[in-house]
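Some notes on the structure that comes next.
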Amino acid sequence: MAMDPVVKLVTVPTAPEKAFRRFTEEIDAWWPRRSHSVFEASCVAVRMEREVGGRLYEVSESGEESTWGCLTAWDPPRRVAFTWHPGREEATAQSVEVTFRAVEDGTEVRVEHVGWEKLGDAAEETRSGYDRGWDLVLKRYVASLGKR
Amino acid sequence: MTDIQVLEAVGEPTRLAILEMLKDEPRTVGVLASALPVSQPAVSQHLKVLRDAGLVRSEKDGARRIQHLDPDGFRLLREWVDSFWDQALEAYRESFRQADESDDPGGG
């Protein structure tokens, strides 16, 4: 895709186990809900189901849920990865991978947000676990190009 | 265009497929439509959304109009994503500073 991956690095002053737990299990404690959600001011919680295939989602005041993506990798305390489509159709999901590496000052956390050219790789990871339609539409379209 | 417009433009599967095809090479509406399971008018409508979002440009080539990806639109999209994660990770990092300051005897 014409959009190159976005890679961000941040170092936090704690061990990888804690850094990983804070990012995942405790995501609700820090995620900037008002600005980074579908429900915005009505968003009351962010949750991550901590297993491959688990959902990353937000909850509104009225109990409505909006799924941001599904986990494609769960490897504490090293790595978590998920599809990413907040407020969009699942078939247009991008991919986010977060890795945690011990460094002298604590843990270096790396977030890589990939556009659509690597969707095929993420799809292979999820395919064995469960049925997800998010890649099927795109793959069908791309496959149709091969006939041209 | 606005950030919301760009995000909505790329958040629809047919439009995403159009962008994928234009990534390979610029094409006319007719060629795009022949490769997609939607009508040509539908493709035209999707292209309008993509042009309004700054992601696609239309250029005349004789009697034809060729659709191109517009790198400026993608640059803006990437900047938005970059800023999104800057803010999220700042909040993440800040959460450790606050924990330190609260003097939690449980190890923070």
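No value in this document is a laboratory result; all are computed from the given coordinates. These numbers come from a predicted model, not from an experiment. FYI the Cβ positions are ideal-geometry reconstructions off the backbone, even for glycines, and counts take in every protein chain you see.
Quick notes
- As a calculated quantity, the FRET efficiency between B:Lys23 and A:Asp75 at R0 = 22 Å, using C-beta atoms, amounts to about 0.10.
- Hydrodynamic radius of the stretch B:3-58 per Kirkwood, over alpha carbon pairs, in Å: 11.1 Å
- Other residues with beta-carbon under 15 Å from the beta-carbon of B:Asp61 carry, at +1 per Lys or Arg and -1 per Asp or Glu, a net charge of +3.
- Residue order, fewest to most surrounding Cβ atoms within 10 angstrom, among B:Val81, A:Val12, B:Val31: B:Val31, B:Val81, A:Val12
- For the stretch A:52-114, taking Cα atoms only, Rg and Dmax work out to 13.7, 44 Å respectively.
- With a cut-off of 13 Å between beta carbons, the residues surrounding A:Ser35 carry a summed charge of -3, where Lys and Arg count +1 and Asp and Glu -1.
- Based on the Stokes-Einstein relation at 10 °C and a viscosity of 1.306 mPa s, and on the Kirkwood radius from alpha carbon pairs, the stretch A:36-81 is assigned a translational diffusion coefficient of 143 µm²/s.
- Sorted by Cβ density within 10 Å, fewest first, the residues B:Arg57, B:Arg64, A:Arg110: B:Arg64, A:Arg110, B:Arg57
- Calculated [θ] (222 nm, deg cm²/dmol) that DSSP helices of n ≥ 4 give over chain B, each run adding -39,500 (n - 2.57): -21000 deg cm²/dmol
- The long axis of helix B:71-101 is offset from the longest Cα principal axis of chain B by roughly 10 degrees.
- Cα gyration tensor category, rounded, prolate or oblate, for chain B with a/c compared to 1.5: prolate
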